[in-house]
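Nothing in this text is a laboratory measurement; each read-out follows from the coordinates by a stated rule. Note that the coordinates shown come from a computational prediction; the quantities given were computed from them, not determined experimentally. Using ideal geometry, Cβ is built from the backbone for each residue, glycine included, and neighbour counts are taken over all protein chains shown.
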Amino acid sequence: HACQDDRLLQTTCPYCGVGCGVDVIQRGGMQGQLSQLTGSPEHPANYGRLCIKGTHLLETLDKHKRLTQPLVFGQVATWDTATKEIAGRLTQIIEQHGPDAIGLYGSGQLLTEDYYVANKLMKGFIGTANIDTNSRLCMSSAVVAYKRAFGEDIVPCNYDDLEHTDLLILIGSNAAWTHPVLYQRIERAKLRNPAMKVVIIDPRRTDSNTLADLHIALRPGSDSALFCGLLNFLADNNALDNPFIEASTNGFDDALKAASSWSLEAVSEACDVPQDYLNTLYNWFVELPRVISFFSMGINQSTTGVDKGNAIINCHLASGKIGREGCGPFSITGQPNAMGGREVGGLSTMLAAHMDIEDPEHHQTVSTFWQAPNLITKPGLKAVDMFQAAADGKLKCLWIMATNPVASMPNRALVEKALTHCELVIVSETAAKNDTLRFADIVLPATGWSEKNGTVTNSERRISRQRGLLAPIGEAKHDWQIISMVARAMGFEDAFNYHHPQQIFNEHCALTSANNNGARALDLGPLATLTIAEYDALRPQQWPLESAHRIGRERLFANGEYYTKDGKARFIAITPQKPEQKTCTQYPYILNTGRVRDQWHTMTRTGNASRLLKHIDRPWLSIHPDDAKRKGISDGSLVALHAACSGDIKVILPAKLDDRQRKGELFAPFHWSATWGSHCKVGALLNGANDALSGQPELKHGAVSATPF
Ligand code: SF4
C-alpha cells in the first residue's frame, strides 16, 4: 500500500552495457525499504523494459554476504589504519622499485567518478600508467578498431537505429541472453516490419536464432575472411559508394587490394560456410538500404579482434552505410560502464578525456589541469601483461577493485601465481566471499549497487545517473572515497579533496573541454558547472553534446566528417589470421566460453537470487552428439577438460549433448568459479593469448582435450 512518505527513486541497472533505467519505490521515506523495482518508462535505453537480471536486482542485496569492515593482514582494522598502511606501503614500493612496480586492476562496474579518481592518482600523482580494467576483456578491440577508422573511440549508432534498419547482422553475439532488452527491441522492430532481415553470424545456434532469417555458422575465428569477402563482393557488384569513398575516406585501394583474393569460393572454404549462404548475406547487404552490424564478444575476445572490427567497419564505409538512420557498425559492450571508464582514461593505453599519452599537447593539457607532479609519458601494462609482470616479480603491488580476476581472467594458474608473488595485494570489494579475496593482504569494503552514487555511460554513449538509494552497509565506502583517502595519506591532499561525486563529475567534464576546440567528440564542457541538485537530477544524456543547451547527438558522421587529423575515415587493409590457440592431436577440441541468460560474471551478486538459478542452476559443457558418441560421453555424464596451459587443473563438467554446436567444438559458461564448485575453473583452460593491438584476450577459441571422467 502506498503511503505519503513513499518516494520514487530512479537509477540504472548495474549489469550489462545496455544501461537500462530502473525505477524503485522507497517505502516510508529516506532510508526506507526498497520495493517495486521496474524499468523506467522514459529511459531511452529501455523505455520501461528490464530483463530478468534487472528485474531481480533487489533480491541480490543480501547484507549478510557483504564485506563490512577493512581487514589488514587478516585483522579487522579502522579505515585510518588501513589507509595509512596502504599509503606507507605504496610509498615504500615506489622508493624501492619505482612507480611502475604498482598496478591497479579495476572494473567496468566502477562508476565514472571512481574511475576518474583512480586514473588521476595512478597516472598523474603516483606516476604509472599501470591501471587497467576488466573492460580490457570486454571491448578494447572495438575501441582500437574505432580509433583506427574514425580517429576516436566512438560508437556511431544509437539503440533507435536497431528499430529502424532493414538488415540487422548480429556477429558474435547471443543478444537474447547477453543484452536481452536490446534483443526485445529488435524482436519488436521485426514484428512491426516483417520485411526486416536478421542474420546471425555465430558458430553456435543460440536462443538469438529465434529471429534469424539466416544463420551463418562459420568456423570460429574466421570472421575477418567473411567481411573481406563482403568488401570484395561490394566492389565486384557495383555496390560501392564512390562519391562517399572519394570525399570522406582514405585507404580504400589498399583495403580492397588486401581483400581481393577473398572470392566466394575462398570465403566458403575459410569459413566452412556454403556459398549460397554467403551469397544471400552479401546480396542483402547490397540491396537493403539500411544495415546495422551489431557485434560483441565473439568479435572482440579474439587474438585478431581489432582486425575483425575493422573488416566490418570497412564494409560500412565502402557502401556508405554509416552516418544514417539504421546504418553503421555497432559494438555493444558487456560491462555497464566500460565506456564511462574510457571517457576518463581508465585503460593503461589512454590518458584522460580521450586524450593520447604520446601527444605532447594532450600531455601538457592534462598535466596543467591536474597540476600533476608525475604525469605519465608512456603507456602502462594491459590486463594480461599486468598479471604476467606480477608473476615475474616485476610488479610488487596489485590493487584490485570491483572485480574477481582469479575467476574471470584467462590462465588462472598465472593469475594465482601473480597474486602469490606480489608483496602487497589490496582488494576493494563488496562481496565477503570470492576467489580473489584469499590472496588479499588488505581488504577494503566497498559500496555496491543501491549505495553507489555517480554516473555510467552505456553502449550508445548515453550518460545516466546511477543513484545512491541506501546508506552504505557497515563501514563500506565508495571507491572514489577510498582512493581519495589513500591519495591524501600519500601527501596529495589538495588534488583529492573530494566530498561529493558531483565535484568529480564536474572536474571530469571540465577536463574534456580543456583545449578541445571540437577536435574530439567527447566534450562535456556544458555539464562542468552542475550544482549538486542539477547533478542529482541529471537526465540520461548522450554525447557529443551539440551545444551549450546540453542536447546530445544521437548519431555520428552524418556530415561525412571524422575525428582523424584530415577529417576522413580510414579503411584498414586486413589480412585474416587464424586464432592463436590452435587445436592439435593432444588438444583436439575448440573451446568457446560465454554467458548464460540469468547470471552476471562470477555470480557474486546474481548468485544471491534463487530465482535467477531457476533458468540454469549449474555449469555444463555443450558437445555435439557425434563427438560425444565417439568419446563414450552420454548426456549428463562428467567430462574432464584439460589444456596445455592448465597444468594440474582439470575442469570437470556435466555434458549436455547439443547439435547446435558444430562438431569438434565445445561451449562452457564461465560464471561458475571455484567458489561454486571446485572443478569449474573454465578460465584456466585459456592461455591468455591476446590481440597485439588491443591486448584483449582470446576467450572464444581455446584448445582442449575432453575425456569421460
Ligand atoms: Fe538492461 Fe542489461 Fe540490466 Fe538486463 S542486465 S536490465 S538488459 S542493463
Once fully extended, how much extra length lies between residue 378 and residue 188, figured as 0.36 nm per residue of separation less the alpha-carbon to alpha-carbon distance? 63.7 nm
Sparsely packed chymotrypsin sites (Phe, Trp or Tyr not before Pro) within segment 1-96, loop by DSSP, other Cβ within 10 Å at most 14: 73
Each residue of segment 304-315 in turn: what ³J(HN,Hα) in whole Hz from Karplus with 6.51, -1.76, 1.60 and θ = phi - 60°, glycine and Pro shown as x? 10, x, 5, 4, 4, x, 5, 4, 5, 4, 3, 5
Would you mind ranking 585, 178 by Cβ crowding within 10 Å, fewest neighbours first? 585, 178
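What ranking of 30, 339 emerges when the number of other C-beta atoms within 10 Å of each C-beta is taken as an exposure proxy, fewest first? Let's see the in-between values first.
On the way: 30 10, 339 31.
Sorted ascending by nearby Cβ count, the order is 30, 339.
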Theoretical gain in end-to-end length, residue 638 to residue 546 [0.36 nm per residue, Cα-Cα removed]: 27.4 nm
Using a ≥ b ≥ c from the Cα gyration tensor of the chain (square roots of the eigenvalues), is it rounded, prolate or oblate, where a/c under 1.5 gives rounded and otherwise the larger of a/b and b/c decides, a/b for prolate? rounded
Just subtract the alpha-carbon distance of residue 92 and residue 275 from 0.36 nm times their residue separation and send over the number in nm, one decimal. 59.6 nm
Looks like segment 93-197, by Cα gyration tensor root eigenvalues a ≥ b ≥ c and the a/c under 1.5 rounded cutoff (else prolate when a/b is bigger than b/c, oblate otherwise), is prolate
Order by protection proxy (mean Cβ within 10 Å, highest first), peptides 271-277, 392-398, 689-695, 454-460: 454-460, 689-695, 392-398, 271-277
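Just order 470-481, 143-154 by mean Cβ neighbour count inside 10 Å, highest at the front, would you? Let's see the in-between values first.
On the way: 470-481: 19.8, 143-154: 23.5.
Highest mean packing first, the order is 143-154, 470-481.
How charged is the neighbourhood of residue 611? Take every other residue with its Cβ under 9 Å from the Cβ of residue 611, and add Lys/Arg as +1 and Asp/Glu as -1.
Every neighbour counted, the sum reads -1.
Beyond a 27 Å Cα-Cα separation, which of these cross-linked pairs lie in this structure: 120/396; 53/123; 257/308; 123/396; 120/568; 190/321?
Violating the 27 Å Cα-Cα cut-off are 53/123; 120/568.
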Taking other Cβ within 10 Å of each residue's Cβ, how do 366, 682 sort, fewest first? 366, 682
Using the beta-carbon distance between residue 265 and residue 242 and R0 = 22 Å, what value does 1/(1 + (r/R0)^6) give for FRET efficiency, to the nearest 0.05? 0.25
Considering the zone a paramagnetic label at residue 536 would reach in this model (a point 7 Å from Cα along the Cα-to-Cβ line), which residues of segment 453-483 have amide N under 17 Å from it? 453-455, 465-472
Cut-off 14 Å between beta-carbons: net charge of the residues surrounding residue 421, Lys and Arg +1, Asp and Glu -1: -1
